[in-house]
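Report on the following structure.
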Amino acid sequence: MDTNNLLWVSHEHHESQGIHRKIEFDERDNIFVGRVLGLHTMISFHGETVAELRSELETAIEEFLRDCKEQGVRPRNLRLASSC
């Protein structure tokens, strides 16, 4: 991503879920782009609106947890009620 097109960057930590995420706005593509930080794999998500971004984050985490469960791997650094 070309950082010249970024309007802002937000680093957020949600203690209740143990999720650290970085959210950027890409002015060129007019989308929010996010990544979950601190995991052994990359979880990324994007959306055109904040509501879409939040929904995509939830979907990305659900997919990550499903993959962990299918592979018999316990996710590290992520404390969710649906943790495998």
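Each value in this text was obtained by applying a stated rule to the coordinates, not by laboratory testing. Computed from a prediction, not measured in an experiment: that's the story for all the values here. Virtual Cβ from ideal backbone geometry, glycine too; neighbours counted across all protein chains shown.
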Packing-based ranking, highest mean first, of 24-36, 63-75 given that Cβ atoms within 10 Å are counted: 24-36, 63-75
Step through the residues of the range 46-62 one at a time and calculate ³J(HN,Hα) from phi using the Karplus curve (6.51 cos²θ - 1.76 cosθ + 1.60, θ = phi - 60°), rounding each to whole Hz and writing x for Gly and Pro. 8, x, 7, 10, 5, 4, 5, 4, 4, 5, 5, 4, 4, 4, 4, 5, 4
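By how many nm would the segment from Glu70 to Phe25 lengthen if fully extended, with 0.36 nm per residue of separation less the alpha-carbon distance? Intermediate values should be presented prior to the final figure.
Details: separation 45, 0.36 × 45 = 16.20 nm, distance 3.30 nm.
Here the segment from Glu70 to Phe25 would lengthen by 12.9 nm.
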